[in-house]
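K.L.:
Please read through the structure below; I'll follow up with questions.
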Amino acid sequence: MAQEDLATISAGLGIPLEGCHLVLSGPGGGKTTLLVNRVAAILETFPKDRFRVLGLTFTNKAARQMEERLGKDYPKLSAIAEERLLMGTFHSFCGKILKSYGHHLKLSPGFQIIDTPDCKALLIELQEKGELPEGLRPDNLVYVFSSLKSRDTFGVVGNPDTKLSPGLMEAYKVYQRALEEIGGVDFGDLILKTTHLLIQRPDIQSFYHKAFRYILVDEFQDTTPAQYAFLKALVPQNNPNVFAVADEDQLIYEWNEARLETLNHFVQDFKAKHYFSTLTYRCPLRVVKAANAVIQNNQYRVQGKPEILALPEKKDTPSIFLFKAGTSDGEANFVSNKIIQLKEQGISLSEICVMTRQHYHFLHIEKALQDVNIPSKRARNEILSTDEGRVILSILRLAISPFDNLSLRRILTEFAPSYLAQKEEWLSLAEATQSPIDSVIINFLKKDKTSIESEEDELLIGVMRILSNVRGYASNVNKALEIVSEKIPRLFENIFLEGEKTEALTEVFKILKRVARDRKILTTGSISDLLDNLGFIPELTEPSVTGDAVSLLTCHQAKGLEFRIVFLVALEKGLFPDYRSERESRKLEEERRLFYVSITRTKERLYLTYSLQRPDASGTLRSREASRFLLEIPNDLVTVVPNGNN
C-alpha cells in the first residue's frame with residue numbers, strides 16, 4: 001500500500017472515479033466526508049446520465065447522515081441526488097429487490113421480515129410441537145443459524161458444508177419450512193435469497209448492473225462472506241466501479257462472521273487499489289496516543305499500516321482519567337457525581353455517554369443517575385425489543401397480516417396466556433372463513449355468554465377491538481399509530497397500576513414516529529411501509545438514541561457514534577476483555593479492537609473506571625482486578641483520580 005497525501009485522501013480527491021478502490025481510514029477519519037465527496041464527484045461528472053449511484057451502509061443512521069451531508073455540502077446537487085442516489089443498508093437494499101422480484105423465488109410481495117425475538121419464538125413453537133430434533137435449544141439455534149447463514153454454510157448460493165451434523169441440518173430444514181409457511185424471511189435470508197435471485201436470473205442481474213454503475217460501501221470491514229457474495233453478484237465483472245472505506249482495527253463483528261480476509265478478497269478479486277488515511281478529526285492527542293499503544297498489540301492487521309494521527313492543533317493536555325472504585329456502587333456514584341459537575345460546567349447531557357461491555361453493568365449506573373435526577377436513555381432497538389414494543393409491533397402486523405401466528409402468540413402471551421392452546425384453532429378458523437382474527441376471537445369469547453367472565457377475556461377483547469380499529473387505517477401509518485398510542489396505554493393501566501408499563505409504551509410510540517419521520521413515511525406511508533423499515537434494522541446495527549439525556553450504550557452499540565465526554569466502566573479482567581477470550585488469541589484481538597473503538601468515541605475527555613468488587617450476572621459479589629487493556633495504555637497518558645475525590 002502506498003501512503004498518499006492525507007488531505008487529498010481525506011477529501012477523496014486524486015482517486016479516479018473508474019475502477020475499484022479501498023481506503024483504510026481510522027476512527028474519526030472523515031469517512032462520511034470521503035463518501036459524500038465521492039458521490040458529489042460522480043454526479044457532477046455525469047449530470048445528465050440516467051444511471052444511479054448506490055451507497056451501502058451497515059446502519060440506517062449512517063445512510064441518513066450521508067444524505068443530509070450531501071444536501072448541506074452540495075445543495076445544487078439535491079435535485080439530481082433525489083433522483084439518482086440510493087443510500088441504504090445491505091438488508092434494506094436486498095429487501096427492495098425481493099419486494100420487486102421475490103415472486104421468482106415464490107416469495108409474496110407482502111413477505112414479513114422476522115427479527116431475532118420472533119425467530120426465537122418460532123423455534124420455541126416448533127420445539128413445543130416436537131418438530132425439532134431433541135437436544136437443540138431454540139435460543140441457541142437462532143444465533144447458530146444467523147452465523148451459518150452469514151457464511152452461506154447451508155449452500156443457498158454456493159455448496160453446503162458437508163461437516164454439519166444431521167440434527168442441525170434437519171432443524172434448519174424444519175425452520176426454513178416454517179418461515180415459508182408464515183410468509184417470512186429472517187435477516188440472513190434477505191442477503192442469501194437476493195444473491196441467489198441475481199445468480200439464477202441473469203436478466204434481473206443485468207438490470208441492476210446497468211442501473212447502478214457506481215457502488216460505494218461504508219465500513220467494509222464489517223462485511224460478511226454472504227454480503228460479499230451479494231456484492232460480487234451485484235457488480236458487473238467486466239466494468240466494476242466499487243469505492244469502499246474500511247478500518248480493520250474497528251472490526252468488532254467477527255462473531256457474526258465479518259473477517260479481515262474479506263478485505264483481502266476484495267483487493268484480489270476486484271484488483272482494487274488501496275490507500276491509507278490516518279488523520280483523525282475527533283480525538284484529543286492523548287486518546288490518539290493511547291489508541292495507537294493499545295492496538296499495536298494486535299497481530300491480525302494490515303501489514304505496514306501507519307499509526308493514526310491527531311490534528312496538529314490538538315494540545316498534549318489531560319484527556320484520559322482513571323478511577324479505581326472499591327465497589328460497583330462507588331463506581332456508579334463517581335460517574336453520577338462527575339456528570340453533575342459536567343452539567344454544571346455547561347456540558348449538555350446529550351454530549352455524554354456511559355459505555356460498558358455488557359448490558360447488566362448498567363444497573364448500578366442507572367440507579368445512581370436516577371438518585372441524582374439525571375435522565376438517561378438506551379438504544380432504540382432495546383426499547384422496541386421490550387414486551388411493550390413487541391406487543392405494539394404485533395398489533396400492527398396483525399392489522400395487515402390477519403393470520404400472523406407469531407404476532408397472535410405475542411399478544412396472547414401478554415394479555416391472555418390461558419388461551420395460547422386455542423391459538424391454532426382460531427387461526428385455522430380465521431383462514432378457513434377468511435375472517436379477521438379479531439372477529440373470530442371476539443365471537444368466540446362472547447358466544448353463549450351474557451357477560452364477560454374473566455379479566456383475561458376483557459383484556460383480550462379490548463386488544464382485538466383496537467386491532468379492528470387499526471386495520472381500517474392500514475394505509476395511514478400516522479392515524480394507526482395515533483389509535484394504538486391512545487388506546488393501548490389504557491388497557492395496560494388496568495393491569496399495572498404503577499404506570500411503569502405506560503411510561504415504556506410512550507417511549508415505544510416516540511421511536512415508531514421517529515422512524516416514520518426519518519424515512520419520510522409518517523404522513524404518506526402505510527403500516528406496511530413502517531414495518532418494512534423496522535424490519536430492515538438488524539438489532540446490532542441501529543444504535544441511535546433520542547432525547548436530551550445521558551446515553552447508556554454497550555460498546556458495540558456505540559460504534560459509529562461520537563460524544564464530547566465518554567465514561568467507559570467495568571474495565572475488569574474477565575469482563576473486558578470477556579473471560580471467554582482469554583485463551584484464544586483471535587477472540588482476544590477482537591476484544592482489543594472493541595476497546596480501541598470504545599476509547600475513540602470521545603471528542604474531549606475519556607473517563608476509564610473499574611472496581612475491586614462487583615456482582616456477577618447472578619448477583620454474587622466477586623473480587624476484581626484491572627483489565628489488561630488498561631495496563632496497555634502508557635502511564636504518562638493517564639491522570640489518576642483519587643478515590644473519594646470525584
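K.L.:
Only one of 142, 157 is surrounded by 17 or more Cβ atoms within 10 Å (Cβ to Cβ) and not in a helix (DSSP H, G or I). Can you tell me which?
P.N.:
Answer to the check: 157.
K.L.:
Same structure, new question: Quickly run through the stretch 479-516 and pick out the residues that are modelled with pLDDT under 85, of a type in the set (Lys, Arg) and over 17 Å from residue 466 (Cα atoms).
P.N.:
501, 510, 514, listed by residue number.
K.L.:
Just one of 604, 589 is among the acidic types (Asp, Glu) and not in a helix (DSSP H, G or I); which is it?
P.N.:
The conditions single out 604.
K.L.:
Same structure, new question: Filter the stretch 579-606 for residues that are among the aliphatic types (A, V, I, L, M) and in contact with a Ser or Thr (Cβ under 9 Å, 6 or more places away or on another chain); which is farthest from residue 625 (Cα to Cα)?
P.N.:
That would be 606.
K.L.:
If you go through the stretch 222-255 one residue at a time, how many are among the hydrophobic types (A, V, I, L, M, F, W, C) and either without any contact (Cβ under 8 Å) to a residue 40 or more places away in the chain or in a helix (DSSP H, G or I) (or both)?
P.N.:
Within the stretch 222-255, residues that are among the hydrophobic types (A, V, I, L, M, F, W, C) and either without any contact (Cβ under 8 Å) to a residue 40 or more places away in the chain or in a helix (DSSP H, G or I) (or both) number 8.
K.L.:
Test of understanding: among 208, 281, which residue is surrounded by fewer than 17 Cβ atoms within 10 Å (Cβ to Cβ) and within 23 Å of residue 64 (Cα to Cα)?
P.N.:
Selected residue: 281, the only one of 208, 281 that is surrounded by fewer than 17 Cβ atoms within 10 Å (Cβ to Cβ) and within 23 Å of residue 64 (Cα to Cα).
K.L.:
Just to be sure before I move on: is residue 603 open to solvent by 20 Å² or more (accessible area, probe 1.4 Å), touching a Lys or Arg at 6+ places or on another chain (Cβ under 7 Å) and under 22 Å from residue 247 (Cβ atoms) in the structure I sent?
P.N.:
Yes, satisfied.
K.L.:
Additional query: Within the stretch 55-108, considering only helices (runs of 4 or more DSSP H) that don't extend past its boundaries, which have at least 3 residues that are more than 23 Å from residue 43 (Cβ to Cβ) and open to solvent by 20 Å² or more (accessible area, probe 1.4 Å)?
P.N.:
Qualifying helices (runs of 4 or more DSSP H): 90-101.
K.L.:
Would you pick out the residues in the stretch 343-360 that are out of contact with any Phe, Trp or Tyr (no Cβ under 8 Å at 6 or more places or on another chain) and open to solvent by 10 Å² or more (accessible area, probe 1.4 Å)?
P.N.:
Within the stretch 343-360, 343, 344, 345, 346, 348, 349, 350, 358, 359, 360 qualify.
K.L.:
Related question: Can you tell me which of 71, 28 is touching a Cys at 6+ places or on another chain (Cβ under 7 Å) and modelled with pLDDT of 90 or more?
P.N.:
Only one candidate passes the filter, namely 28.
K.L.:
Another one. Check the stretch 333-342 and report whether any residue there is exposed (fewer than 12 other Cβ atoms within 10 Å of the Cβ) and in contact with a helix residue (DSSP H, G or I) (Cβ under 7 Å, 6 or more places away or on another chain).
P.N.:
For the stretch 333-342, residues exposed (fewer than 12 other Cβ atoms within 10 Å of the Cβ) and in contact with a helix residue (DSSP H, G or I) (Cβ under 7 Å, 6 or more places away or on another chain): absent.
K.L.:
Another one. Which count do you get for residues in the stretch 141-178 that are in contact with a helix residue (DSSP H, G or I) (Cβ under 7 Å, 6 or more places away or on another chain) and of a type outside the set (Phe, Trp, Tyr)?
P.N.:
13
K.L.:
Let me ask something additional. Check off (1) in contact (Cβ under 8 Å) with a residue 24 or more places away in the chain; (2) within 27 Å of the chain's Cα centre (by Cα); (3) open to solvent by 40 Å² or more (accessible area, probe 1.4 Å) for residue 274 and give me the number that stays unchecked.
P.N.:
The failed condition is (2).
K.L.:
Of all residues in the stretch 160-193 being open to solvent by less than 10 Å² (accessible area, probe 1.4 Å) and in contact with a Lys or Arg (Cβ under 8 Å, 6 or more places away or on another chain), which is farthest from residue 397 (Cα to Cα)?
P.N.:
By that ranking, first place goes to 192.
K.L.:
Tell me the residue from 193, 173 that is part of a helix (DSSP H, G or I), touching a residue at least 24 places away in the same chain (Cβ under 8 Å) and among the basic types (Lys, Arg), please.
P.N.:
193
K.L.:
A further question on this structure: Please find, among 318, 284, 312, the residue that is more than 13 Å from residue 249 (Cβ to Cβ) and at pLDDT 95 or above.
P.N.:
Testing whether each residue is more than 13 Å from residue 249 (Cβ to Cβ) and at pLDDT 95 or above leaves just 284.
K.L.:
Give 245, 235 a once-over and let me know the one that is among the β-branched types (Val, Ile, Thr), in contact with a helix residue (DSSP H, G or I) (Cβ under 9 Å, 6 or more places away or on another chain) and either under 20 Å from residue 193 (Cα atoms) or surrounded by fewer than 19 Cβ atoms within 10 Å (Cβ to Cβ) (or both).
P.N.:
Result: 235 is the single residue among 245, 235 that is among the β-branched types (Val, Ile, Thr), in contact with a helix residue (DSSP H, G or I) (Cβ under 9 Å, 6 or more places away or on another chain) and either under 20 Å from residue 193 (Cα atoms) or surrounded by fewer than 19 Cβ atoms within 10 Å (Cβ to Cβ) (or both).
K.L.:
Would you check which residues across the stretch 524-548 are assigned to a loop (DSSP other than H, G, I, E, B) and either modelled with pLDDT under 65 or open to solvent by less than 10 Å² (accessible area, probe 1.4 Å) (or both) and list them?
P.N.:
Hits for the stretch 524-548 are 525, 536, 537, 538, 542, 543, 544, 545, 546.
K.L.:
Report every pair of residues separated by at least 6 positions or lying on different chains whose Cβ atoms are under 9 Å apart, first residue within the stretch 347-371 and over 19 Å from residue 325 (Cβ atoms) and part of a helix (DSSP H, G or I), second modelled with pLDDT under 95 and among the hydroxyl-bearing types (Ser, Thr, Tyr).
P.N.:
349/376; 349/551; 350/551; 359/554
The values are calculated or read from the model by the stated rules, or taken from the named source; none is laboratory data. Just so it is clear, the structure is predicted and the values come from calculations on it, not from any experiment. We place every Cβ from the backbone using ideal geometry, glycine too, and count neighbours over all the protein chains shown. The area values use the complete protein model at the heavy-atom level, side chains included, leaving out ligands, DNA and RNA. Shrake-Rupley method; radii C 1.70, N 1.55, O 1.52, S 1.80 Å.
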